[in-house]
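What follows is one structure encoded as structure tokens, with my remarks underneath.
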Amino acid sequence: MIQGERIGLLRALAAAVFCGAGLLLGSFPAFAETEMGAVYGAYVHGTGWTENYGDNTLCQAPQGGYVTAVRASLENQPAELTGTISYQVNLSGSGWLDWQENYVEAGSTETDMPLEAVRFQLTGQLAEQYDIYYSVYQNGAWTELAMNGETAGTEAMGLRVDGLRLAVRRKGSGVPEEPAGSGRVLDPAKPMVALTFDDGPSNATTRILDSLEQNGGRATFFMVGNRMSSYPSTVKRMVEMGCEPASHTWDHSFLTKLSEAQILANLNQMDDTLQSIAGVRTMVMRPPGGKINEASKAVLAKRGTPAILWSIDTLDWKTKNAQRTIDTVLATVKDGDIILMHDLYETSADAAAVLIPELTSRGYQLVTVSELAGMRGGMAPGHTYSSFRP
Ligand code: ZN
């Protein structure tokens with residue numbers, strides 16, 4: 001069931017090594033047997049099956065995408081050992097589905113519902129000699145590794161699986177090493193804050209990105225959708241830097257004045273445009289004016305979107321005074337704050353150019369809202385968040 005391409009490539013590599021060694025040594029060296037590994041893929045809603053991923057690599061949906069099914073198998077399985085990988089998924093609205101194996105899909109390719117959690121196990125003699133480790137990407141972060149039938153992901157919290165990492169190791173050989181591309185490592189013991197910028201993008205956004213890049217920081221940009229096509233390279237750069245592109249609606253509409261259908265159309269127009277510019281969709285939104293009510297929360301819940309407010313309001317848009325913005329933040333900043341600024345004013349970019357290095361030197365990790373939430377218990381669709389305290 002595994003696509004031949006990957007196995008063909010491994011064989012070609014083995015042959016190349018074999019020939020090279022033979023030429024160099026003039027004899028056939030003894031080869032270590034090729035280690036068994038997992039092969040897997042995910043069905044990304046609206047996109048289709050990913051390519052096949054090899055053992056201990058990160059199979060991740062594009063930002064804003066989510067997984068509705070997975071499939072897995074083994075390569076280089078020792079012929080003398082019986083057994084295989086068996087797996088089951090918790091599909092939102094359906095609960096735990098039947099166990100599957102041999103690259104048969106677990107989940108559904110014809111649903112809008114995301115997976116919420118997964119379990120993997122080895123069967124037969126394999127289970128006596130090997131462990132299987134796995135993690136899912138959820139709420140902007142990779143979960144702790146689960147193993148041998150444990151649950152990875154949350155159940156009945158409305159959180160979706162956005163990626164999968166799977167690794168098989170001989171018993172006693174320890175946990176798998178961190179794979180490449182797992183991103184920067186955040187220290188949960190150190191303080192962190194989320195700088196957030198509303199109403200852009202604009203020319204000021206570029207200077208804020210410069211400051212973040214120089215200091216290894218990230219921020220969240222709650223953009224007004226209809227401004228993005230004037231600054232496409234800025235939006236792309238933001239995404240490439242690992243900053244979080246987020247939604248401030250298409251046209252700065254107050255959610256409380258829109259019908260359900262209008263809210264959905266508005267936010268989808270924002271996401272469709274972002275996808276056409278930068279290939280991603282938003283995970284979180286900030287209601288313009290901070291205005292949100294039970295009706296609009298219910299629409300966001302249906303749509304899978306958390307609403308983000310703030311714990312420090314710099315009033316930068318009102319004072320247009322960089323020093324006052326800086327003083328407001330530095331006088332009150334605490335671990336877990338969400339700081340509200342606007343990347344529409346040069347004075348706000350001036351303030352950011354001071355705040356970003358200063359907060360970094362005070363020991364704060366500058367993280368996106370989704371990163372902060374991922375380190376501090378997560379977020380649920382339709383709920384509002386003003387901070388994520390330790
Ligand atoms: Zn706004």
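The values are calculated or read from the model by the stated rules, or taken from the named source; none is laboratory data. Everything numeric here is computed off the predicted structure, so don't read it as measured data. Neighbour counts are summed over all protein chains in view; Cβ atoms, including those assigned to glycine, are modelled from backbone coordinates with ideal geometry. Protein only, heavy atoms only, side chains kept; ligands, DNA and RNA dropped before computing areas. Shrake-Rupley method; radii C 1.70, N 1.55, O 1.52, S 1.80 Å.
So here's what we get for this one:
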quantity: Positions within the range 98-133 being of a type in the set (Asp, Glu) and either assigned to a loop (DSSP other than H, G, I, E, B) or open to solvent by 20 Å² or more (accessible area, probe 1.4 Å) (or both), in sequence order; calculated: ASP98, GLU101, GLU105, GLU110, ASP112, GLU128
quantity: Any chance ALA117 is closer than 21 Å to GLY279 by Cα and of a type in the set (Gly, Ala, Ser); calculated: no
quantity: Subset tally (residues that are surrounded by 20 or more Cβ atoms within 10 Å (Cβ to Cβ) and either modelled with pLDDT of 95 or more or in contact with a Phe, Trp or Tyr (Cβ under 8 Å, 6 or more places away or on another chain) (or both)) for the range 75-95; calculated: 7
quantity: Residue under evaluation GLY290, criteria (1) within 16 Å of the ligand (Cβ to nearest atom); (2) open to solvent by less than 40 Å² (accessible area, probe 1.4 Å); (3) in contact with a helix residue (DSSP H, G or I) (Cβ under 9 Å, 6 or more places away or on another chain), criterion not met; calculated: (3)
quantity: Filtered residues of the range 293-310 (kept if part of a helix (DSSP H, G or I) and open to solvent by less than 20 Å² (accessible area, probe 1.4 Å)); calculated: SER296, VAL299, LEU300
quantity: Count of residues meeting criterion [polar (S, T, N, Q), under 24 Å from the mean Cα position of the chain (by Cα), at pLDDT 95 or above and outside any loop (DSSP other than H, G, I, E, B)] in the range 342-390; calculated: 4
quantity: Residues located in the range 30-53, provided they are of a type in the set (A, V, I, L, M, F, W, C) and surrounded by 18 or more Cβ atoms within 10 Å (Cβ to Cβ); calculated: MET36, ALA38, VAL39, ALA42, VAL44
quantity: Hey, ASP199 modelled with pLDDT of 95 or more and at positive phi or not; calculated: yes
quantity: Boolean, ASN56 is modelled with pLDDT of 90 or more, open to solvent by less than 20 Å² (accessible area, probe 1.4 Å) and either in a loop (DSSP other than H, G, I, E, B) or farther than 15 Å from PHE120 by Cβ (or both); calculated: yes
quantity: Selection count, the range 73-97, where residues are more than 25 Å from MET36 (Cβ to Cβ), part of a loop (DSSP other than H, G, I, E, B) and not hydroxyl-bearing (Ser, Thr, Tyr); calculated: 2
quantity: Top-ranked residue in the range 336-390 [being of a type in the set (Ser, Thr, Tyr) and under 16 Å from THR314 (Cα atoms); ranked as surrounded by the fewest Cβ atoms within 10 Å (Cβ to Cβ)]; calculated: SER386
quantity: Residue check, VAL168 of a type in the set (Val, Ile, Thr), over 30 Å from LYS297 (Cα atoms) and surrounded by 14 or more Cβ atoms within 10 Å (Cβ to Cβ); calculated: yes
